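The values are calculated or read from the model by the stated rules, or taken from the named source; none is laboratory data. Every value quoted in this text rests on a predicted model; they were computed, and no experiment measured them. Here the Cβ positions follow ideal geometry from the backbone for every residue, glycine too, while neighbour counts run over all protein chains shown.
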């Protein structure tokens, strides 16, 4: 299993079954209060369930941080069309691996979360869309789903409650773009994973143009705990409008990398030192990516802040998917920019010209800059091109490529300037040259 040894600094709510013998089995799940939240939810009206989720201040854990209860409330209850639950388990954001851990250790927690969401919106069918590289996890979730069917927790008239709900997995093909909800739905329907024009939104026109709730894995995991403990108790674990705990993936130049469940609003510097074990010996903090590679970078002097959606947004970045990358003073920020852009240029679906062409040209310029072949005017051109991509694409991939690049150029311009190729000019004759920047 991927999950690290638990830290004494963790608040274990979603991860409370981690480490139990055979934690992935339905027997372990049932013995530790599994599926009790579903039975409790069956005694509640759908609007009551949505109300508890709203009270919990649970926000989508996939990156955007949209309020979950509000998202569910957009689904039209009186629609004659069937309604669907879709789990976004694509998890393609670089530096992010928390959904993988949740599904490995406690697959029935995800199943129960989808069942409660189905009760809330009146759905009888759900899909778990898992990225292609997680092939073993598809098999792992399939075993858990088979167990749930065998014990009467999925299918017709679940546990005599009168509710019907079927759930199945669906494999992706390794496309980052399919982490965007509308591209995921296109892929789920068997089409090429290109984003849809919005509006309309999935709440009214999702799978097969039917009302659909699409949420991240971690979001669904929180739902049974919200029902069991109450929305307000869950909200109180975090900060205002940012309820509960959050799975943070700490990586980079620290002594104790791993996936940790911490309260929303935990201080970033505390997270690095106390939970991550501090930086490598003798090194100083230089920068942090707070929520996956699509987020603007924070300088060391910007990192004394609470890790919740609103505070990080005020600091000019995003909490994103919880992928926290810590970089020390040995890090070459131009190389960081090239590595990030190489990923986005490769993963662009090509649907939008600003993204398809922009990421390609940015990669070329950053490669040239990183190899000492750049021109001084390239620095401003990289910044200008990035800004011209913002808000001009069907989905957020163009923004995801542009935002970290803009922050790198503006916050670490001196490193870009240091890699500018000297221009050789004659001083008195053709054979006498001098370098100028």
- Message: Could you tell me how many of the residues in the stretch 271-281 are without any contact (Cβ under 8 Å) to a residue 60 or more places away in the chain and part of a helix (DSSP H, G or I)?
- Response: 3
- Message: Given the condition surrounded by fewer than 23 Cβ atoms within 10 Å (Cβ to Cβ), free of Cβ contacts under 8 Å to residues at least 40 places away in the same chain and at positive phi, answer yes or no: does some residue in the stretch 282-299 qualify?
- Response: yes
- Could you run through the stretch 121-135 and say how many residues are surrounded by fewer than 21 Cβ atoms within 10 Å (Cβ to Cβ) and modelled with pLDDT under 95? 3
- Task: Taking only the stretch 149-187 into account, find how many residues are more than 14 Å from residue 39 (Cβ to Cβ) and either out of contact with any helix residue (DSSP H, G or I) (no Cβ under 8 Å at 6 or more places or on another chain) or in a helix (DSSP H, G or I) (or both).
- Result: 15
- Item | Unique residue being surrounded by fewer than 21 Cβ atoms within 10 Å (Cβ to Cβ) and either under 17 Å from the mean Cα position of the chain (by Cα) or modelled with pLDDT of 95 or more (or both) when the list is 222, 274, 235 | 274
- Query: Take the residues of the stretch 300-332 that are part of a helix (DSSP H, G or I) and either at pLDDT below 95 or surrounded by fewer than 19 Cβ atoms within 10 Å (Cβ to Cβ) (or both): which is farthest from the chain's Cα centre (by Cα)?
  - Reply: 301
- Query: Which ones in the stretch 157-180 are closer than 19 Å to residue 84 by Cα and exposed (fewer than 13 other Cβ atoms within 10 Å of the Cβ)?
  - Reply: 157, 162, 168
- Note on the structure: Over the stretch 333-360, the set of residues in contact with a helix residue (DSSP H, G or I) (Cβ under 7 Å, 6 or more places away or on another chain) and outside any helix (DSSP H, G or I) is 348, 349, 350, 352
- Message: Restricting to the stretch 389-404, count the residues that are assigned to a helix (DSSP H, G or I) and either over 19 Å from the mean Cα position of the chain (by Cα) or in the same structural domain as residue 324 (by TED's automatic domain parsing) (or both).
- Response: 1
- Do we find that residue 308 is assigned by TED's automatic domain parsing to the domain that holds residue 266 and touching a helix residue (DSSP H, G or I) at 6+ places or on another chain (Cβ under 6 Å) in this structure? no
- For residue 100, all conditions in the list (1) in a helix (DSSP H, G or I); (2) over 15 Å from the mean Cα position of the chain (by Cα); (3) touching a residue at least 60 places away in the same chain (Cβ under 8 Å) hold save one; what is the number of the exception? (2)
- Exactly one condition in (1) modelled with pLDDT of 95 or more; (2) outside any strand (DSSP E or B); (3) more than 16 Å from the chain's Cα centre (by Cα) is not met by residue 287; state its number. (2)
- Item | Filter pass, residue 14 being part of a loop (DSSP other than H, G, I, E, B), at pLDDT 95 or above and outside the structural domain of residue 90 (by TED's automatic domain parsing) | yes
